[in-house]
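Asks: Input: one structure, supplied below.
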Amino acid sequence: LLALVRSYVEKSLEANRRSDSLYHSYNILDLSDGAAAIRRLPEMLEGQVAMLGSGQLDAQESLALLAGLRSSDLYRADQHSYMLYPDKVLAGFLDRNRIPGSRANRSALIGALVRAGDRRLIVRDVHGDLHFAADIRNARDIEEILDQMAVEPQLEALVETGRAEMLSIFEEVFNHSEFTGRSGSFFAYEGLGSIYWHMVSKLLLSVQETLERAVADGESPATVQALTEAYEDVRAGLGYSKPATVYGAFPTDPYSHTPAGHGARQPGMTGQVKEEVLTRLGELGLRVDDGQIVFAPIQLRASEWLEVPVTFDFIDVLGYSGQVDLSAGSLGFTFCQVPVVYHRAESLGVQVHLADGTVVDCPGARIGPDISASIFERLGTVARIEVQI
């Protein structure tokens, strides 16, 4: 059953590919008597992130998607990043709830209601323009009013023949089926023209996972390099890569969103932080696989390595201050409050220094499940990890 379902899901994803190598994120299913039709909503960043993260695309397809994304209406050049949805011009307040004359003229029911001065459903303003009555909220309200009219002799036949058309006009005027919430109806927050930083960090993680799959699949160095550059391009749009004058806030602080024409807004520990912790560990090459800590750095930058010796201060698992002397050409960080020190070398190797002075060599740059578990549980049995790269 799952294999069959998966084949249909994959076919559905393939069918949503657009001519610009992006993917339709949402479809609207229109059902009518004896027919079914599909409508597409505009492009959305979350759909592209989902496709990259699905693992269905190969490396070249992923690069094509990223190139399409960079040249799409989702890109905001002033922040070198991506909006949730393309910006658009909203209708003015007085232009809303206006029934097009061409549609009203074809409806015998609307004509009869206007001539009779019946304002339960349709209201004509002082300029002669037609609108739905102000207390109507949704199609169910339309149905209830039509049901009331259907028992009135003078309207019974008109309601019977005009019910479907009236509901169709209501949907055309308000377009409820394509409503996506605040993102498509107002500004700021995660509204029109806004960059939602959590989704951008999800994009960063998906590109990184795509890069790691390409390496695991033995893709060419040129392809791996292209994916690395795509990752760096997305990363360059995040706050900590920008001066405060561009970001509009302290670059190291997480913010929810950046509306059009403004700097970052709504500070706090947003979901963005989670993905950036994961991507940073990925950049350093630390992964957890089957309960074991594994080192496979493929994204280390030349700028990561120290040019002069420094003392690395950290807080250990017991809450005490600790120090590690780092030489030039090394780098250090902590994982589960255990110091990890990278040294340049001819080949990859890992040594775990235990608190009792024992040194454990880890073949394949993989720390065994028992020691890995002690690190995860913060038992204090591991003093530091030395990695030769």
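The values are calculated or read from the model by the stated rules, or taken from the named source; none is laboratory data. Everything numeric here is computed off the predicted structure, so don't read it as measured data. A quick note on method: Cβ atoms are made from the backbone with ideal geometry, for glycine too, and the neighbour counts reach across all protein chains shown. Note: areas computed on protein heavy atoms with side chains; ligands, DNA, RNA excluded. Shrake-Rupley method; radii C 1.70, N 1.55, O 1.52, S 1.80 Å.
Asks: Just grab the label-to-label distance for ALA249 and PHE187, each label 7 Å out from Cα along the Cβ direction, in nm (one decimal).
Replies: Distance between the two pseudo-spin positions: 1.9 nm.
Asks: Please report, to two decimal places, log10 I(q)/I(0) for the range 272-337 at q = 0.23, 0.25, 0.28 Å⁻¹ as given by the Debye formula with identical point scatterers on the Cα atoms and no solvent.
Replies: With no solvent term, the Cα-only Debye profile gives -1.17, -1.20, -1.19.
Asks: How high is the relative contact order of the range 228-352, in percent, counting Cα pairs under 8 Å that sit 6 or more residues apart?
Replies: 11
Asks: Given bins 5 angstrom wide, list per bin the percent of all Cα-Cα distances in the range 70-175, short to long.
Replies: 2, 10, 20, 20, 13, 8, 6, 6, 6, 4, 3, 1, 0
Asks: Separate question: What does the accessible area of SER102 come to, in Å² to the nearest 10, when a probe of 1.4 Å is used?
Replies: 70
Asks: How would PHE314, PHE376, PHE132, PHE179 line up by accessible area, probe 1.4 Å, largest first? Could you put the intermediate results ahead of the total?
Replies: Numbers: PHE314 35, PHE376 70, PHE132 5, PHE179 135 Å².
Highest to lowest solvent-accessible surface, that is PHE179, PHE376, PHE314, PHE132.
Asks: Here is a further query. Taking all protein chains together and a probe of 1.4 Å, list LEU84, LEU348 from the most accessible to the least accessible. Intermediate values should be presented prior to the final figure.
Replies: Details: LEU84 15, LEU348 85 Å².
Result of the area sort, largest leading: LEU348, LEU84.
Asks: In addition: Can you show me the helix-derived [θ] at 222 nm for the chain, built from DSSP H runs with n ≥ 4 at -39,500 (n - 2.57) apiece and divided by the number of residues, rounded to the nearest 500. Numbers along the way, then the final one.
Replies: Numbers: 12 runs with 141 residues, N = 389.
Result for the chain: -11000 deg cm²/dmol, rounded to the nearest 500.
Asks: What net charge do the residues around ILE371 carry, taking every other residue with its C-beta under 15 Å from that of ILE371, with Lys and Arg at +1 and Asp and Glu at -1? Don't skip to the answer; put the middle values down first.
Replies: Values: positive: ARG366, ARG378, ARG384; negative: ASP289, ASP290, ASP356, ASP361, ASP370, GLU377, GLU386.
Its environment carries a net charge of -4.
Asks: Kindly express, to the nearest 10 degrees and within the range 0 to 90, the angle between helix 221-235's C-alpha long axis and the longest C-alpha principal axis of the chain.
Replies: 70
Asks: Need the full-extension length gain, ASP290 to LEU318, defined as separation in residues times 0.36 nm minus the C-alpha distance. One decimal, nm. Spell out each step's value before the answer.
Replies: Values: separation 28, 0.36 × 28 = 10.08 nm, distance 2.67 nm.
Length gained between ASP290 and LEU318: 7.4 nm.
Asks: Could you tell me what percent of the DSSP beta bridges with both partners in the chain are antiparallel, to the nearest 5? Numbers along the way, then the final one.
Replies: Numbers: 43 of 48 bridges.
So the antiparallel bridges amount to about 90 percent of the total.
Asks: Accessible area per residue for the range 269-320 in Å², computed with a 1.4 Å probe and the full protein assembly in place, what is it?
Replies: On the way: 2920 Å² over 52 residues.
Dividing the accessible area of the range 269-320 by its residue count gives 56 Å².
Asks: Let me ask you something else. So if we plug the beta-carbon distance of ALA164 and GLU10 into 1/(1 + (r/R0)^6) with R0 = 41 Å, what FRET efficiency do we get, rounded to 0.05? The partial results should precede the final answer.
Replies: Working: r = 37 Å, r/R0 = 0.89.
Computed FRET efficiency for ALA164 and GLU10: 0.65.
Asks: Return the carbon/sulfur percentage of the accessible area of the chain, one whole number, probe 1.4 Å, all protein chains in place.
Replies: Details: 11460 of 20910 Å².
Carbon plus sulfur share of accessible area: 55 percent.
Asks: Which value in nm describes the separation of the simple spin-label points at GLU171 and HIS262, placed 7 Å from the Cα toward the beta carbon?
Replies: 3.5
Asks: Let me ask something else. Per the Kirkwood formula on distinct C-alpha pairs, the Rh of the range 117-208 is how many angstrom? Before the final figure, lay out the partial values.
Replies: Details: mean 1/r = 0.0606 Å⁻¹.
For the range 117-208, inverting the mean 1/r across all distinct Cα pairs yields 16.5 Å.
Asks: Sticking with this one: Based on the alpha carbons, how large is the Rg to Rh ratio for the chain when Rh follows Kirkwood?
Replies: Details: Rg = 29.3 Å, Rh = 25.7 Å.
Across the chain, the Cα-based Rg/Rh ratio is 1.14.
Asks: TYR240 accessible area, nearest 10 Å², 1.4 Å probe?
Replies: In the full protein context, TYR240 sits at about 90 Å².
Asks: Still on this structure, please answer the following. For ILE38 paired with VAL89, estimate the spin-label separation in nm (one decimal), with each label point 7 Å from Cα along the Cα-to-Cβ line.
Replies: If labels sit at ILE38 and VAL89, their model points lie 3.2 nm apart.
Asks: Over all pairs of distinct alpha carbons, what does the Kirkwood formula give as the hydrodynamic radius of the range 96-153, in Å?
Replies: Numbers: mean 1/r = 0.0838 Å⁻¹.
Final number for the Kirkwood radius of the range 96-153 is 11.9 Å.
Asks: Taking only protein heavy atoms into account and a 1.4 Å probe, give the accessible area per residue of the range 20-111 in Å². Display every interim value, and only then the final one.
Replies: On the way: 4720 Å² over 92 residues.
Ligands and nucleic acids excluded, the result is 51 Å² per residue.
Asks: For the range 300-389, what's the radius of gyration and Dmax over Cα atoms, in angstrom?
Replies: Rg, Dmax (Cα atoms, Å): 13.0, 36.
Asks: May I ask for the angle, rounded to the nearest 10°, between helix 272-284 and the longest principal axis of the chain, with both axes built from Cα atoms and the value confined to 0 to 90°?
Replies: Between the helix axis and the principal axis of the chain, the angle is about 40 degrees.
Asks: Kirkwood hydrodynamic radius, the range 192-351, all distinct C-alpha pairs: what's the number in Å?
Replies: Taking the inverse mean of 1/r over all distinct Cα pairs, the range 192-351 comes out at 17.7 Å.
Asks: Report, in degrees rounded to the nearest 10, the 0 to 90 angle that the Cα long axis of helix 197-216 makes with the longest principal axis of the chain.
Replies: Tilt relative to the chain: about 60 degrees.
Asks: Which is the longest part of the chain that has none of the trypsin sites (Lys or Arg not before Pro) sitting in a DSSP loop with at most 15 other Cβ atoms within 10 Å?
Replies: Maximal segment without exposed cleavage sites: 138-300.
Asks: Just to check I understand the Karplus step: with θ = phi - 60° and J = 6.51 cos²θ - 1.76 cosθ + 1.60, what whole-Hz values come out for the range 287-292, glycine and proline as x?
Replies: Couplings: 9, 10, 10, 6, x, 10 Hz.
Asks: Over the range 306-348, what number does the Rg to Rh ratio reach, with both radii from the alpha-carbon atoms and Rh per Kirkwood? Let's see the in-between values first.
Replies: Working: Rg = 11.4 Å, Rh = 11.1 Å.
Expressed as Rg/Rh, it is 1.02.
Asks: Can you tell me which lysines have their Cα less than 26 Å from the Cα of LYS242? Leave out same-chain residues fewer than eight positions away.
Replies: Excluding near neighbours in sequence, the set is LYS202, LYS274.
Asks: Which three extents, in whole angstrom, do the alpha-carbon atoms of the range 1-158 cover along their principal axes, largest first?
Replies: Cα extents, longest axis first: 66, 48, 24 Å.
Asks: Here is a further query. Which log10 I(q)/I(0) values does the range 1-81 give at q = 0.20, 0.25 Å⁻¹ under the Debye formula, counting every alpha carbon as one identical point scatterer?
Replies: Log10 I(q)/I(0), no solvent term: -0.96, -1.25.
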